[in-house]
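Have a look at the structure below, then the notes.
The values are calculated or read from the model by the stated rules, or taken from the named source; none is laboratory data. Everything numeric in this text was worked out from a predicted model, so none of it was measured. So basically every Cβ, Gly included, is an ideal-geometry build from the backbone, and we count neighbours across all protein chains shown. Each accessible area value is taken on the protein alone, full model and side chains, heavy atoms only, with ligands, DNA and RNA left out. Shrake-Rupley method; radii C 1.70, N 1.55, O 1.52, S 1.80 Å.
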Amino acid sequence: MKRLFAGEFSVAATYWLGFVGFNIFMRLVFVVVTAVSMSLYANEQEFVGDRLFDVTMLFCVIYCLFLARAQYRAMHNDRQPSAWSWIGLVLILIGTASYAYNFALLQFPSMAVPDRFVREELKTLNLTLPKELEPGLVLEKVSLKNDVMTYHFDYEFDDLPHGRFNMMEDVLGEETCQDMLGYFKGPLKSIEFDYRSGGTIHIEYVSREECLQFAAGQ
């Protein structure tokens with residue numbers, strides 16, 4: 001690692017191993033971090049789960065900054081860096097900016113979340129599912145269709161009424177709105193929590209319009 005950051009590797013090795021290889025590795029890491037965080041959330045340790053994401057994303061930002069410097073040093077050692085070397089450096093800087101933007105989204109939930117980030121997040125989350133959140137409650141999958149994000153639950157008990165219910169009529173809906181405000185400023189029209197228990201379908205939802213109105217009044 002010391003030699004890599006010192007720019008002692010070739011330009012190609014710095015880019016392909018240090019950047020491309022790192023991103024492939026981090027995809028696996030984010031799956032693990034997501035799974036661990038889900039367990040922490042289920043045990044009401046939200047603060048620890050959130051910080052785990054923060055630390056992981058901050059590490060990626062710092063790593064890529066050092067790698068960009070390493071790429072530049074490796075190019076300098078080549079004396080006559082090629083156009084591909086410069087393209088590699090630009091891609092590393094774009095990757096750094098992407099990680100930094102993700103870190104900012106974690107710190108400021110009201111920032112608009114782009115559609116691509118939402119889809120990547122759901123793809124990673126679904127790799128960790130199904131997940132039992134508590135006895136009798138299993139999160140099966142999370143889907144995105146027509147800009148509606150739906151959490152699909154398998155619920156073993158029969159104490160939920162059949163039908164659709166607006167969460168904004170309760171404080172839980174307001175908390176959900178605050179947590180997901182950036183998603184509503186981005187591509188989402190609605191977030192739904194779909195509980196299936198036998199023949200009962202119980203859906204709780206928060207719409208973009210009501211969430212943004214609530215946020216504007218804060």
For q = 0.11, 0.23, 0.25 Å⁻¹, Debye-computed log10 I/I(0) when each Cα of the stretch 147-218 counts as one equal scatterer: -0.28, -0.96, -1.07
Kirkwood hydrodynamic radius of the stretch 1-85, from inverse mean 1/r over distinct Cα pairs, in Å: 14.4
Antiparallel DSSP beta bridges within the chain, percent to nearest 5: 65
Loop-located GluC sites (Glu not before Pro) in the stretch 131-161 whose Cβ has at most 14 other Cβ within 10 Å (DSSP): Glu156
Longest to shortest principal axis, alpha-carbon extents of the chain, angstrom: 71, 37, 29
Residue with peak Gaussian network fluctuation, the chain [Cα springs, cutoff 10 Å], from Gly182, Gly163, Gly95: Gly163
Portion, in percent, of the accessible area of the chain that falls on carbon or sulfur, probe 1.4 Å: 60
Cα centroid of the stretch 24-60 to Cα centroid of the stretch 74-122, whole Å: 20
Selected from Leu160, Leu67, Leu129 as most flexible by GNM, with the chain as the system and alpha-carbon contacts under 10 Å: Leu160
Top positive-direction residue, dipole computed over the chain with Cβ charges, set Ile203, Phe153, Gly18: Gly18
Value at 222 nm in deg cm²/dmol, rounded to 500, when DSSP H runs of n ≥ 4 in the chain each add -39,500 (n - 2.57): -18000 deg cm²/dmol
Degrees between helix 83-107 axis and first principal axis of the chain (Cα, 0 to 90, nearest 10): 30
Cα long-axis angle, helix 21-42 against the chain (0 to 90 degrees, to the nearest 10): 30
Coil-residue trypsin sites (Lys or Arg not before Pro) of the stretch 115-218, DSSP, other Cβ within 10 Å capped at 16: Lys189
Loop-located trypsin sites (Lys or Arg not before Pro) in the stretch 9-80, at most 14 other Cβ atoms within 10 Å (DSSP): Arg79
Average accessible area per residue (Å²) across the stretch 17-144 - probe 1.4 Å, nucleic acids and ligands excluded: 58
Helix axis angle, 115-126 relative to the chain longest principal axis, alpha carbon, degrees: 70
Total lysine pairs whose alpha carbons fall under 29 Å of each other in the chain (8 or more apart, or interchain): 13
